[in-house]
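K.L.:
Below you'll find the structure I mean.
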Amino acid sequence: MRGHSDAANAATEALAAFLDYLRYERRLSARTLDGYRRDVDGFVGWLRDHGITDPRRVDSQHVRAYAASRFRHGLTAKSLQRHLSAIRAWLRFLVREGRVKANPADGVRAPKVERRLPHTLDVDQLAHLLDLPGDGVLDHRDRAIMELFYSSGLRLGELVGLDVDDARTPDGLLEVTGKGRKTRRVPVGRMAGDALDGWLAVRAQIANDGETALFVSQRGARLSARAVEARLRQRAIEQGMPRHVHPHMLRHSFASHLLESSGDLRAVQDLLGHADIGTTQVYTHLDFQHLAQVYDQAHPRARRKG
């Protein structure tokens with residue numbers, strides 16, 4: 001009876017071991033860890049419903065059947081790719097641990113994702129959007145936020161996570177913590193630097209004592225992601241922009257404009273912090289002087305006045 005119970009729990013125990021590996025050895029963020037847990041647990045539950053409780057019994061046909069089932073029930077190709085990536089990583093871990101002999105998910109691929117081009121603003125539209133009027137504290141803050149989004153290609157989570165000390169590096173680069181808690185350093189253009197200086201000069205007027213956040217609300221605490229989205233949307237309306245503007249649109253515009261001007265795809269990729277979850281310490285090997293040179297030469301709002 002005990003042997004049957006152990007077999008029934010084998011897949012669940014194997015998932016728990018995998019999550020411990022991701023948490024303590026890979027040191028992934030809680031959000032990333034939850035994603036792995038949901039995706040692999042969905043597969044484990046499907047296996048259980050089909051009478052399979054031991055990972056050693058899983059073969060490629062099971063993985064394909066699971067993928068087909070999820071796709072028929074409306075899971076998008078992009079989400080299915082993520083699910084299969086998580087399942088593949090789980091089974092790869094089990095191979096490494098000697099729990100299974102081979103990875104049955106290696107040859108299984110999701111349907112191709114139809115690539116949609118991200119919405120961007122052109123240089124003239126960005127110049128108009130960022131030409132914010134006003135000299136109040138919140139005007140300085142919002143101007144600095146918008147300039148940093150476009151100047152440095154930041155994600156929304158990266159911007160709201162910034163502390164004051166991140167903007168005070170000796171070489172003038174901005175220290176950013178991205179996905180998977182990986183850090184990178186990005187240049188700050190002249191106009192963004194000026195806007196940031198203007199905000200730092202008045203930040204103390206509303207920031208709470210001891211608050212480390214670079215950007216704070218009127219109540220003095222760290223500004224939330226939702227508040228930044230709402231503020232950007234409102235500012236775009238005030239500036240008469242023709243479409244809904246969100247933080248990622250500024251990031252897309254940053255990438256598009258920089259790539260158009262430089263043609264250096266690798267540099268743009270590095271500046272954006274694009275890396276797979278499994279990539280380790282990629283930023284420690286970057287040539288920051290090269291990236292800064294590409295940035296200064298190519299980005300519309302980084303060029304110095306002659």
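K.L.:
Can you go through His244, His248 and tell me which one is surrounded by fewer than 18 Cβ atoms within 10 Å (Cβ to Cβ), assigned to a loop (DSSP other than H, G, I, E, B) and assigned by TED's automatic domain parsing to the domain that holds Leu129? Working first, answer last.
P.N.:
Values: His248 fails: assigned to a loop (DSSP other than H, G, I, E, B).
Testing whether each residue is surrounded by fewer than 18 Cβ atoms within 10 Å (Cβ to Cβ), assigned to a loop (DSSP other than H, G, I, E, B) and assigned by TED's automatic domain parsing to the domain that holds Leu129 leaves just His244.
K.L.:
May I ask you to verify whether Ser60 is polar (S, T, N, Q) and within 23 Å of the chain's Cα centre (by Cα)?
P.N.:
Considered against the rule, which asks whether it is polar (S, T, N, Q) and within 23 Å of the chain's Cα centre (by Cα), Ser60 comes out as no.
K.L.:
Taking region 47-63, which residues are buried (at least 16 other Cβ atoms within 10 Å of the Cβ) and either touching an Asp or Glu at 6+ places or on another chain (Cβ under 7 Å) or part of a helix (DSSP H, G or I) (or both)?
P.N.:
Leu47, Pro55, His62, Val63
K.L.:
Among the candidates Ser69, Ser79, which residue alone is free of Cβ contacts under 8 Å to residues at least 12 places away in the same chain and part of a helix (DSSP H, G or I)?
P.N.:
None of the other options fit; the residue is Ser79.
K.L.:
Follow-up. Taking helices (runs of 4 or more DSSP H) that do not extend beyond region 129-238, which have at least 1 residues that are farther than 30 Å from Leu22 by Cβ and modelled with pLDDT of 90 or more?
P.N.:
137-152, 190-202, 225-238
K.L.:
Just one of (1) modelled with pLDDT under 85; (2) surrounded by fewer than 17 Cβ atoms within 10 Å (Cβ to Cβ) trips up Val108, so point out which.
P.N.:
Every condition holds for Val108 apart from (2).
The values are calculated or read from the model by the stated rules, or taken from the named source; none is laboratory data. Please read all numbers here as calculations on a predicted model, not as lab measurements. Positions of Cβ are generated from backbone atoms using ideal geometry, with glycine treated the same way; all protein chains shown enter the neighbour counts.
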